[in-house]
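Asks: The following block contains the structure, expressed as structure tokens.
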Amino acid sequence: MKLATLDVGTNTVLMLVAERDSSGAIQTIADFARITRLGRGVDSSGRLDPDAAAQTLAAIVEFAQKARQLGAEKIVGVATAALRDVSDGAEFIAQVKARAGLDLEIIAGDTEAQLSWLAVTKGLQLDPAAKLLIVDIGGGSTELVRAEPDRPIELVSLQIGSVRLTERFVHHDPPEAHEAMDLRLAVNETLQRLDWDFRPDLMVGIAGTVTTVCAIVLGLTAYDPQVVHGHRLSQDEVIATIAKLGAVPLVARKQLPGLEPGGADVIFAGAAILERIMSHFHMNEVVVSDQGLRWGLFWRTLDTLSTAPT
């Protein structure tokens, strides 16, 4: 069957339309993305910004319509940190139901992390014996997944994200040195409170921050998921990208190859979060996955449908 999965994030709305063919192979039919910044101002106000909510709702309605036109028999949607953290999330969910005909599920951070793990383990050829750290840097939160052989998966959702930390610490264009330092210190303090005695063999990064840093490093004039997916990004390359992003004002940053202009104002913070996580866990490189939460949701839904009673 053709299945559509929707990921409504703090920064971006994503929808995958795919199907499993008779041989069991997965065929991608469409992959939609739009930066709508649903989490704008949420960290300070605790409520959705009306303009951002309207743009996000319009994207959801449009994507749902396109998915149905492509023959999607089922559409499953989840929302993450932006709607978890606001007092008017239920109102937005009701609007999605009324306008798009979708039941949007607000998932907890641990569920988000579980879906990330599912996306990575299904989407990459990894050593099953490796101690694995999966990192999903979103706009409002960052999810870490610790997966080791012969022990339960550990999941944590941290209240650090590219939009949240940009709004909290970056008030000049380009960021001033003390702002960059305060941002790094905030990430360090959050990671130090993480009670994990863990030295991973492999780190995998998913979602827009990591794929964008990768696209910048590769100088992609047009984003190519096949080039990005599975690429190994070094810590030195991440550090060099942070320096490049922090050296120019927003108008120039938007012109950098590989950088989606709509995310240019928050990518500096996102890249800093990535680098601090790599440093904390002593990782010299990160494997980039283009298949994020929407893919984990796809796999979870397929499994649910295959085991449902007929």
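The values are calculated or read from the model by the stated rules, or taken from the named source; none is laboratory data. What you see is a predicted model, and the numbers here were worked out from it, not measured in a lab. Note that we place each Cβ from the backbone using ideal geometry, even for glycine, and neighbour counts take in every protein chain shown. Accessible surface areas use protein heavy atoms only, side chains included; no ligands, DNA or RNA. Shrake-Rupley method; radii C 1.70, N 1.55, O 1.52, S 1.80 Å.
Asks: Using a simple spin-label model with points 7 Å from Cα along the Cα→Cβ vector, what separation in nm is obtained for residue 234 and residue 220?
Replies: Result: 2.1 nm between the two label points.
Asks: Do any GluC sites (Glu not before Pro) in the stretch 81-122 lie in a DSSP loop with no more than 13 other beta carbon atoms within 10 Å, and if so, which? Write out the running numbers ahead of the final one.
Replies: Details: sites: 91, 105, 112; in loops: none.
Sparse-neighbourhood loop GluC sites (Glu not before Pro): none present.
Asks: Roughly speaking, to the nearest percent, how much of the chain's 1.4 Å accessible area is carbon and sulfur? Please list the in-between numbers first.
Replies: Values: 6680 of 13590 Å².
Carbon with sulfur: 49 percent of the solvent-accessible area.
Asks: If you don't mind, another one. Size of the stretch 1-157 along its principal axes in angstrom, Cα-based, largest extent first?
Replies: So the extents along the principal axes, rounded to whole Å, are 47, 41, 20.
Asks: Of the listed values (1) 18.6, 61; (2) 18.2, 55; (3) 21.3, 64, grab the one calculated as Rg and Dmax of the Cα atoms in Å from the structure here.
Replies: Evaluating Rg and Dmax of the Cα atoms in Å on these atoms matches (1).
Asks: Now, a different point. Using Stokes-Einstein with the Kirkwood hydrodynamic radius over Cα pairs, what translational diffusion coefficient do you get for the stretch 1-54 at 25 °C and a viscosity of 0.890 mPa s, in µm²/s rounded to a whole number?
Replies: In µm²/s, the coefficient rounds to 191.
Asks: I would also like to ask the following. Cα centroid distance between the stretch 252-306 and the stretch 57-101, in Å?
Replies: If we compute the Cα centre of each part, the gap is 22 Å.
Asks: Express the accessible area of the stretch 93-136 per residue in Å², computed with a 1.4 Å probe while the remaining protein chains stay in the model.
Replies: It amounts to 48 Å² per residue over the stretch 93-136.
Asks: Per the helix-only calculation at 222 nm, which mean residue ellipticity applies to the chain, given -39500 (n - 2.57) for every DSSP H run of n ≥ 4 and division by its residues, nearest 500 deg cm²/dmol?
Replies: That calculation yields -13500 deg cm²/dmol at 222 nm.
Asks: Ok, one more. Semi-axes, largest first, in whole Å: what does sqrt of 5 times each Cα gyration tensor eigenvalue give for the stretch 226-265?
Replies: So the equivalent ellipsoid measures 20, 14, 6 Å along its semi-axes.
Asks: How much length is gained on full extension from residue 243 to residue 30, taking 0.36 nm per residue of separation minus their Cα-Cα distance?
Replies: Net length gain for the segment: 73.2 nm.
Asks: In the stretch 73-128, how does Rg compare with the Kirkwood Rh, expressed as the Rg/Rh ratio over alpha carbon atoms?
Replies: Taking Rg over the Kirkwood Rh, I get 1.10.
Asks: Here is a further query. Work out how much length residue 176 to residue 201 would gain on full extension: take 0.36 nm times their residue separation and subtract the Cα-Cα distance, in nm to one decimal.
Replies: Difference between extended and current length: 5.5 nm.
Asks: Quick check of the Kirkwood formula: for the stretch 200-310, what is the inverse mean of 1/r over all pairs of different Cα atoms, in Å?
Replies: When all Cα pairs of the stretch 200-310 are included, the Kirkwood radius is 15.0 Å.
Asks: With each pseudo-label sitting 7 Å past Cα toward Cβ, what's the residue 151-residue 131 distance in nm, one decimal?
Replies: The two pseudo-label positions are separated by 0.7 nm.
Asks: Further question on the same structure: Pop a pseudo-label 7 angstrom from the Cα along the beta-carbon direction at both residue 1 and residue 97 and give the gap in nm to one decimal.
Replies: 2.1
Asks: At a temperature of 4 °C and a viscosity of 1.567 mPa s, determine how fast the stretch 111-260 diffuses translationally according to Stokes-Einstein, using the Kirkwood radius over alpha-carbon pairs as Rh; express D in µm²/s, rounded to the nearest whole number.
Replies: Translational D for this selection: 78 µm²/s.
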